[in-house]
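Asker: Shown below is the structure under consideration.
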Ligand SMILES: *Cc1c(COP(=O)(O)O)cnc(C)c1O
């Protein structure tokens, strides 16, 4: 054993290897030295344990180069989403439109008038860029953009209801996911939650009866990730607005609506049930509406707060607004996304809507194309009907008919794991002894990468 330990090369000898010397051009020397040391240390431990045979020098160098490649690979990488979940929260929710990505790139590469008023030459506001566009699209008087919808809700409640009461239906004191619970957010904001009604049924009078001198707001929270069916009822927004307006003393409470996804387009023409639109909330007379930028809006992560000018001004002046402010890349991408709505081109240009609007016929054609290619390579594939989902906290339980590529795999878990390790990684769905791939969520330029990952993954088995 002594013999073998001594036979391990020195760090310098490994560093002198031509392949390792070449790697020194792309990696800092101390990082390469560290990787070599670790490899040698592992080899030494293996030898001392008597378990493994002598490490050949070329293999040792292979190992060093493999470690370096892993170090050089970005941690955040593009993934092919073949799961059929359009707004997959773990896969980054909405992919951006070309226009939005290009706008973010320009904002990233150059200086901009982010906080500079080009007319007066004086300091401007980063929040001014989107406001008129958002108002035009939603019908609101004023608008504000923050980091995400969770911060929009927190900020709105902090600025408008701190130290006072907010009345929420018991069926809406919910958890949205990722640790976002309405009761906790309310507590964090310094507002006091007043829950009314029963879990399944809340009536307008439950709200009316709970209003007192301490009431700052009546709040509705959209049930964005669950459904209640059966013996259920809750007040409409119009009823909440009416109840609030009927309060003469000590002044009408606000009506706050957390829409969650919030869509500007009607979902019904796409075969989905109606997801409440931002315009509907504003038209119903709601004072403050909050929604996400990267759910059905199809833009970057952001939280939009729209509503009455007086309340939006109050929120704008709150110190927390600065802490939750949105980055210029986000602003650029969000503005470009909203411009697609202004042009009436959202369904054509925004990936989330393209994916929702694509016809089952063209999904079938695409899946058939994949099947033909993989069958020619000898893989056990078929095209089967199935369902895609919207996901990401919108339209719970709703599905869209699709056609899936089904690949028979005796050990589907192992194949799925290999596909996650391919480059780019592929995420499909496992169903019994099959792996399913939904063309709906695979971007059009990803076909080749998907098919080669599937072939390579299947033949390694
Ligand atoms: C998704 C969601 C949130 C959180 O929005 P993020 O943009 O993820 O921060 C809050 N409320 C509701 C009702 C939601 O659906």
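Asker: In the set 397, 392, which member is within 16 Å of the ligand (Cβ to nearest atom), touching a helix residue (DSSP H, G or I) at 6+ places or on another chain (Cβ under 7 Å) and outside the structural domain of residue 267 (by TED's automatic domain parsing)?
Answerer: On the way: 397 fails: touching a helix residue (DSSP H, G or I) at 6+ places or on another chain (Cβ under 7 Å).
Every option except 392 fails the conditions.
Asker: Scan segment 419-458 for residues that are free of Cβ contacts under 8 Å to residues at least 60 places away in the same chain, surrounded by fewer than 18 Cβ atoms within 10 Å (Cβ to Cβ) and part of a helix (DSSP H, G or I) and report the count.
Answerer: 7
Asker: Among the numbered criteria (1) free of Cβ contacts under 8 Å to residues at least 40 places away in the same chain; (2) within 32 Å of the chain's Cα centre (by Cα), which single criterion is violated by residue 216?
Answerer: Only one criterion in (1) free of Cβ contacts under 8 Å to residues at least 40 places away in the same chain; (2) within 32 Å of the chain's Cα centre (by Cα) is unmet by residue 216, namely (1).
Asker: Output yes when any residue across segment 341-351 is away from the ligand (no atom under 16 Å from the Cβ) and closer than 29 Å to residue 181 by Cβ, and no when none is.
Answerer: Here is the first cut: in segment 341-351, the ones away from the ligand (no atom under 16 Å from the Cβ) are 341-351.
From what is left, the residues that are closer than 29 Å to residue 181 by Cβ are none.
Checked against the condition, which is being away from the ligand (no atom under 16 Å from the Cβ) and closer than 29 Å to residue 181 by Cβ, segment 341-351 yields no hits at all.
Asker: Go through 161, 150, 198 for me and flag whichever is surrounded by fewer than 21 Cβ atoms within 10 Å (Cβ to Cβ) and either within 12 Å of the ligand (Cβ to nearest atom) or modelled with pLDDT of 95 or more (or both). Full working, then the answer.
Answerer: Numbers: 161 fails: surrounded by fewer than 21 Cβ atoms within 10 Å (Cβ to Cβ); 198 fails: either within 12 Å of the ligand (Cβ to nearest atom) or modelled with pLDDT of 95 or more (or both).
After ruling out the rest, the residue left standing is 150.
Asker: Moving to a separate point now. Take residues that are over 22 Å from residue 334 (Cβ atoms) and touching a strand residue (DSSP E or B) at 6+ places or on another chain (Cβ under 9 Å) and tell me which of the helices (runs of 4 or more DSSP H) falling wholly in segment 67-185 contain 1 or more.
Answerer: 149-161
Asker: Residue check: is residue 329 part of a loop (DSSP other than H, G, I, E, B) and farther than 18 Å from residue 447 by Cβ? Explain how you work it out, then say what you get.
Answerer: Numbers: part of a loop (DSSP other than H, G, I, E, B): no; farther than 18 Å from residue 447 by Cβ: yes.
Against the criterion (part of a loop (DSSP other than H, G, I, E, B) and farther than 18 Å from residue 447 by Cβ), residue 329 does not qualify.
Asker: A further question on this structure: Which condition does residue 126 not pass, out of (1) touching a helix residue (DSSP H, G or I) at 6+ places or on another chain (Cβ under 7 Å); (2) within 16 Å of the ligand (Cβ to nearest atom), if it passes all the others?
Answerer: Result: residue 126 passes all but (2).
Asker: So if I check each of 24, 40, 15, 70, which one is more than 38 Å from the chain's Cα centre (by Cα) and modelled with pLDDT under 95?
Answerer: Numbers: 24 fails: more than 38 Å from the chain's Cα centre (by Cα); 15 fails: modelled with pLDDT under 95; 70 fails: more than 38 Å from the chain's Cα centre (by Cα).
Testing whether each residue is more than 38 Å from the chain's Cα centre (by Cα) and modelled with pLDDT under 95 leaves just 40.
The values are calculated or read from the model by the stated rules, or taken from the named source; none is laboratory data. In this text the structure is predicted, and so the values were computed from the model without any measurement. Here Cβ is always computed from backbone atoms with ideal geometry, including for glycine, and neighbour counts include all displayed protein chains.
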